[in-house]
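The values are calculated or read from the model by the stated rules, or taken from the named source; none is laboratory data. Note that the structure is a prediction, hence the values are computed from the model and not measured. Cβ atoms come from the backbone with ideal geometry, glycine included; neighbour counts cover every protein chain shown. All accessible areas refer to the heavy atoms of the entire protein, side chains included, with ligands and DNA or RNA removed. Shrake-Rupley method; radii C 1.70, N 1.55, O 1.52, S 1.80 Å.
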Amino acid sequence: MEDREMVPDVRICEWWETLRNARVLSTSMESATLFVIASLRGVSAATVLAVIGDTYSGKPIIDDHIKRKTIENAVKTALEAVVILNDKDSQSQ
């Protein structure tokens, strides 16, 4: 691999800096797609993400215990949200 291939594109770096300055905490193409489709269909959508790396630096979280706990917490949060939303939908019907 040539050295120039290792240099990040300036536009990409500027884009990430813009997101960081806007206090964007995460980016997810899958979530974006989910929200667009939900909007088009007129339904609610949500996403729960487990952060296992730093998008800005590109560094992964190396500690397996922290990574596992992060994923477990995301799953628990998603399940609690489903129960809450189900209860809310039941009450409104």
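Some values worked out for this structure:
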quantity	calculated
Charge-dipole axis of the chain as Lys and Arg at +1 and Asp and Glu at -1 on Cβ define it, positive-most pick from 33, 84, 46	84
Computed over the chain: relative contact order in percent, which uses C-alpha pairs under 8 Å that are six or more apart	18
Count of lysine pairs in segment 44-93 with Cα separation under 20 Å (8 or more residues apart, or interchain)	4
Ranked packing of 62-71, 82-91, most packed first, by mean Cβ within 10 Å	62-71, 82-91
Gain on full stretching of the segment that runs from residue 19 to residue 36 - 0.36 nm per residue minus C-alpha separation	4.2 nm
Helix axis angle, 10-21 relative to the chain longest principal axis, alpha carbon, degrees	40
The chain - percent of accessible surface contributed by carbon and sulfur, probe 1.4 Å	59
Extension gain (nm, one decimal) between residue 91 and residue 54, 0.36 nm per residue minus Cα-Cα	9.3 nm
Cα Rg over Rh - the chain, Kirkwood	1.09
Tilt relative to the chain, helix 29-41 - C-alpha long axis, 0 to 90 degrees, to 10	40
